[in-house]
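Values quoted throughout were computed directly from the atomic coordinates according to the rules given, and no laboratory measurement underlies them. In this text the structure is predicted, and so the values were computed from the model without any measurement. Glycine gets a Cβ as well: all are built from the backbone with ideal geometry, and neighbour counts include every protein chain shown.
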Amino acid sequence: MEKRTYVDECCNVKKLNKAKIGELLRSGRMDNCRQVLDEVLDEVDFSGLKSLVLRLYICADIYIEIRSFVRELGVEDEEFIGRFGSVEDIENRLMTVEAAVDYLHDIVEQSIRWRSRKSHENGNFVVRDARRYIDENYMSSGLSLTSVAEAVGISPAYLSALFKRETGRNMSEYITGVRIDHSKELLCCTSKLIYEIAFEVGFQDYRYFSQIFKKCTGLTPRQFKNEANVCM
């Protein structure tokens, strides 16, 4: 096996994917956080680094990324440093590879707990952002729980539960309601054909749109349009 030099190890360190750490934190997912962190560490061959200095450098970079994230959440310095120490004084916690990995697992998991806590405390704001995103993107056929969750930065499962708790409705029901409301406006106020309106509000299947419209209003799109024209 070819012997690695310090220069080789330095090159590996430069591969640290801090963006992936940020994505993990914003996702709010506890179920795979250890796996994702381990993948990031494997990419820089963390367990194979002989240099304590380089290991500390990687840990400090991850620490700073996490500290920036939790500061945005509103976690106070006193709470964070009281638990994990400052970036200047964590060296003694990271003397071995095993200790360093345990420390990083701990800090990532706790940060996700803080994320979940803040999301719960500010659930109405998260749902507000989700509703705004839906209202601005209802015309996209790709709009879904997953895409909305990605836009507001939490996991789909958590957003689904949060949305139901705050509004009393499933997100799919809300999306459908927004689309039907906009289709009513188009049926009443434009001369567009019904299939054109279906596509414009995010339905790719005209027949499915008609079925959903009748389920929501008791009328087919054509019946609704005819009645609207009579009343005008």
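Please work out the C-alpha center-to-center distance from region 162-232 to region 48-102 and express it in whole Å.
Region 162-232 and region 48-102 have Cα centres spaced 52 Å from each other.
Neighbour counts of other C-beta atoms within 10 Å: give me Val70, Val97 arranged from fewest to most.
With the sparsest Cβ surroundings first, the list reads Val97, Val70.
Taking the chain as a Gaussian network, Cα atoms linked when under 10 Å apart, which of Thr167, Thr220, Thr190 shows the biggest mean-square fluctuation?
Thr190
Scan the chain and hand back the longest stretch that contains none of the GluC sites (Glu not before Pro) lying in DSSP loops with at most 13 other Cβ atoms within 10 Å.
So the longest stretch without any such site is 89-232.
Which one is right for this structure if Cα Rg over 2.2 N^0.38 Å is calculated from it: [x] 1.71; [y] 1.45; [z] 1.06?
Recomputing Cα Rg over 2.2 N^0.38 Å here gives the entry labelled [y].
Need one number: nm distance between label points at Thr220 and Arg128, each 7 Å from Cα along Cα→Cβ, rounded to one decimal.
4.3 nm
Hey, which of these cross-link pairs are over 19 Å Cα-Cα: Lys184/Lys214; Lys184/Lys215; Lys15/Lys50; Lys18/Lys50?
Correct reply: Lys18/Lys50.
Taking the chain as a Gaussian network, Cα atoms linked when under 10 Å apart, which of Gly22, Gly153, Gly74 shows the biggest mean-square fluctuation?
Looking only at Gly22, Gly153, Gly74, the largest GNM fluctuation is found for Gly74.
Along each of the three principal axes of the Cα atoms of region 152-217, give the extent in whole Å, ordering the values from largest to smallest.
Computed over the Cα atoms, the extents are 40, 21, 20 Å.
Report the chymotrypsin sites (Phe, Trp or Tyr not before Pro) located in region 60-133 that are in a DSSP loop and have at most 11 other Cβ atoms inside 10 Å of their Cβ, or state none.
Filter output for region 60-133: empty list.
What FRET efficiency would be calculated for the residue pair Ala19, Glu98, taking the C-beta separation as r and a Förster radius of 35 Å, to the nearest 0.05?
After rounding, the FRET efficiency stands at 0.85.
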